[in-house]
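Written out below as structure tokens is the structure these notes cover.
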Amino acid sequence: MRIVGYIYSYRVKNPDWEVETRLQKEKIRDYCAQNSLGLLKLYEEPITSRPDNKPALKKLLNDARLKSFSALVIVDSDRFGKNEPFQNNILKWLSQNNIKLIIINETSATGAKNTTESAKVQRIKQKVKDIPSLPEVVTKVVKLVQDPNSSASQLGKVISHDPGLTAKVLKLVNSAYYGFPKQVSSIQHAIMILGFATIRGLVLSSSVVKIFTPKSTGLISLDYKKFWKHSLLSAIAAKVAGEYTGRQVEDDIFSAAIMHDIGKIILEQYDHENYIKALRQAPDPLDYKRVLNSEKQNCEVTHGEIGSIVAKSWNLPQSITDVILHHHAPLISADYKNLTSMVYLGNILSHFAIKEVALDISFIDMSVLNYLGIDGDTLLQIYSELLEKSDNMEGMNEFFE
Ligand SMILES: [Fe+2]
Ligand SMILES: [Fe+2]
């Protein structure tokens, strides 16, 4: 059965849009996993969708006509809208095209599970409710980078309104890491060299550094300096790994990789005591199964789950929120397997590079390597290139201070 899912939540009626859509997603994925069905694709309505304008549904109906799938799974029968004639039309269209419709009903046999889930949702909402929005300069940068018609001079203008940020970007582009023979003195030139998407990653992370300062510096705590070093090196590693695959490396890779663990900062800030307990129980970030279990046990959510919810609330693109959510199990990602797999690898390589030890391949999931088409020799090549790059990173760490 070639199965796809459809997700819709109307923002105006549902102020907790992020949580609502994430739950629908989880339910569909759980259903497919429990029934050993490989989910081909998730058609997800963007936040801007309205009852009278649902672009994802339009695409889905068109794909149904093209026979791109044979079954569709949704959560609740009114997912297509409350308007009955409209609902009936869709049902008719699906049956005309021989598409089997599977409805996961929240109020049926899974009632008990849903009670637990709504309690969980309440707690997640509680945790993320006070998270500050991003500074105006950052939201403008995010918007401009997503706009295919924006120019380097527009982006430069926005960044230069923030002198601190401008100085940081210029310092970075002139650091040994990039090794340009001539001094780069204009922000516009820096944008051309680094690229829009890399600039966005740097602007995002440097602003998150400013917003969140460490809660404690006890023996067991999240070391923010190490955290950002790991994030930056993961971004560099993901890019290097991506280039070795011979596939197209998406522009979003740098931002996605630098933000992949943002949920750890959120947990450290907003669920401090529980998160410290989780860290104590699972101090080695490479033992990620233990890390995720202890986060779930102590904080109810993993850093990936909460990080993706916050990233959505900051209006970061879906590619980035997906990477944040799935970076420890990249093949689960429905739409961004490639990108998420590269970041998965970048994350592990970065941990080894920071420790400056030989790479132990047994820490890497072979199915991800196979998916990326990377063999053992190539992996070692990628790692040695990363070690070389990390030697030149010294000046870059100042970016996060
Ligand atoms: Fe992580
Ligand atoms: Fe990480």
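Output the number of residues of segment 356-401 satisfying the condition of being under 24 Å from the mean Cα position of the chain (by Cα) and among the acidic types (D, E). Walk me through it before giving the result.
As a first pass, look at segment 356-401 and keep what is under 24 Å from the mean Cα position of the chain (by Cα): 363-374, 379, 382-383, 386, 390, 396-397, 399-401.
Then drop every residue that is not among the acidic types (D, E), which leaves 365, 401.
Matching residues across segment 356-401 total 2.
From E300, E273, grab the single residue that is touching a residue at least 40 places away in the same chain (Cβ under 8 Å) and either out of contact with any Ser or Thr (no Cβ under 9 Å at 6 or more places or on another chain) or outside the structural domain of N370 (by TED's automatic domain parsing) (or both). Steps first, please.
On the way: E273 fails: touching a residue at least 40 places away in the same chain (Cβ under 8 Å).
Of the residues listed, the single one that is touching a residue at least 40 places away in the same chain (Cβ under 8 Å) and either out of contact with any Ser or Thr (no Cβ under 9 Å at 6 or more places or on another chain) or outside the structural domain of N370 (by TED's automatic domain parsing) (or both) is E300.
Output yes when any residue across segment 49-64 is part of a loop (DSSP other than H, G, I, E, B), farther than 30 Å from K127 by Cα and in contact with a Lys or Arg (Cβ under 6 Å, 6 or more places away or on another chain), and no when none is. Checked segment 49-64: no residue is part of a loop (DSSP other than H, G, I, E, B), farther than 30 Å from K127 by Cα and in contact with a Lys or Arg (Cβ under 6 Å, 6 or more places away or on another chain).
Going residue by residue through segment 345-353, is there one that turns out to be out of contact with any helix residue (DSSP H, G or I) (no Cβ under 8 Å at 6 or more places or on another chain), farther than 29 Å from E26 by Cβ, within 15 Å of ligand 2 (Cβ to nearest atom) and not in a loop (DSSP other than H, G, I, E, B)?
No - not one qualifying residue is present in segment 345-353.
Would you say H260 is within 14 Å of ligand 1 (Cβ to nearest atom) and either out of contact with any Ser or Thr (no Cβ under 8 Å at 6 or more places or on another chain) or assigned to a helix (DSSP H, G or I) (or both)? For H260, the condition - within 14 Å of ligand 1 (Cβ to nearest atom) and either out of contact with any Ser or Thr (no Cβ under 8 Å at 6 or more places or on another chain) or assigned to a helix (DSSP H, G or I) (or both) - is not met.
Here's a check for you: in segment 156-170, which residue that is of a type outside the set (G, A, S) and out of contact with any helix residue (DSSP H, G or I) (no Cβ under 7 Å at 6 or more places or on another chain) is surrounded by the most Cβ atoms within 10 Å (Cβ to Cβ)?
If we take residues in segment 156-170 being of a type outside the set (G, A, S) and out of contact with any helix residue (DSSP H, G or I) (no Cβ under 7 Å at 6 or more places or on another chain), then K157 is surrounded by the most Cβ atoms within 10 Å (Cβ to Cβ).
Of S70, S150, all but one fail to be at pLDDT 90 or above and under 28 Å from the mean Cα position of the chain (by Cα); the exception is S150.
For segment 207-237, give me each residue that is closer than 16 Å to G164 by Cα and surrounded by fewer than 21 Cβ atoms within 10 Å (Cβ to Cβ).
S207, V209, K210, I211
Where residues in segment 238-257 are under 26 Å from A167 (Cα atoms) and not aliphatic (A, V, I, L, M), which of them is farthest from ligand 1 (Cβ to nearest atom)? Filtering segment 238-257 for residues that are under 26 Å from A167 (Cα atoms) and not aliphatic (A, V, I, L, M), the one farthest from ligand 1 (Cβ to nearest atom) comes out as D251.
Surrounded by fewer than 18 Cβ atoms within 10 Å (Cβ to Cβ) and either within 13 Å of ligand 1 (Cβ to nearest atom) or of a type in the set (D, E, K, R) (or both) - does that describe any residue in segment 340-349?
Of segment 340-349, the ones surrounded by fewer than 18 Cβ atoms within 10 Å (Cβ to Cβ) are none.
No; the residues of segment 340-349 include none that is surrounded by fewer than 18 Cβ atoms within 10 Å (Cβ to Cβ) and either within 13 Å of ligand 1 (Cβ to nearest atom) or of a type in the set (D, E, K, R) (or both).
For residues in segment 45-60 being in contact (Cβ under 8 Å) with a residue 12 or more places away in the chain and in contact with an Asp or Glu (Cβ under 8 Å, 6 or more places away or on another chain), which is nearest to L331 (Cα to Cα)? Of everything passing the filter in segment 45-60, A56 is nearest to L331 (Cα to Cα).
Looking at segment 297-327, which of the residues that are part of a loop (DSSP other than H, G, I, E, B) and within 11 Å of the chain's Cα centre (by Cα) is farthest from ligand 1 (Cβ to nearest atom)? First the steps, then the outcome.
Restricting attention to segment 297-327, the residues satisfying the condition of being part of a loop (DSSP other than H, G, I, E, B) are 300-302, 314-317, 327.
Applying the additional criterion that residues be within 11 Å of the chain's Cα centre (by Cα) yields 316-317, 327.
Values: L316: 16, P317: 19, H327: 6 Å.
Taking the candidates together, the pick is P317.
Give just the number: which of (1) in a helix (DSSP H, G or I); (2) modelled with pLDDT under 85 does H189 not satisfy? With respect to (1) in a helix (DSSP H, G or I); (2) modelled with pLDDT under 85, H189 is out only on (2).
For Y270, the conditions (1) at pLDDT below 90; (2) away from ligand 2 (no atom under 16 Å from the Cβ); (3) surrounded by fewer than 18 Cβ atoms within 10 Å (Cβ to Cβ) are fulfilled apart from (3).
Condition test on S294, is it among the polar types (S, T, N, Q), within 15 Å of ligand 1 (Cβ to nearest atom), touching a helix residue (DSSP H, G or I) at 6+ places or on another chain (Cβ under 6 Å) and farther than 16 Å from M342 by Cα? Criteria met by S294.
Within segment 199-236, the set of residues being of a type in the set (A, V, I, L, M), more than 15 Å from ligand 1 (Cβ to nearest atom) and over 27 Å from V158 (Cα atoms) comprises L219, I220. Of all the listed residues (S231, S175), the sole one being outside any helix (DSSP H, G or I) and within 23 Å of Y383 (Cβ to Cβ) is S175.
Quick grid of which residues meet (1) more than 16 Å from ligand 2 (Cβ to nearest atom); (2) assigned to a helix (DSSP H, G or I); (3) at pLDDT below 90:
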residue	(1), (2), (3)
E250	yes, no, yes
R280	yes, yes, no
L286	no, no, no
L292	no, yes, no
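The values are calculated or read from the model by the stated rules, or taken from the named source; none is laboratory data. What you see is a predicted model; the values in this text were computed from it and never measured. For neighbour counting, all protein chains shown are included, and Cβ atoms are generated from backbone atoms with ideal geometry for every residue, glycine included.
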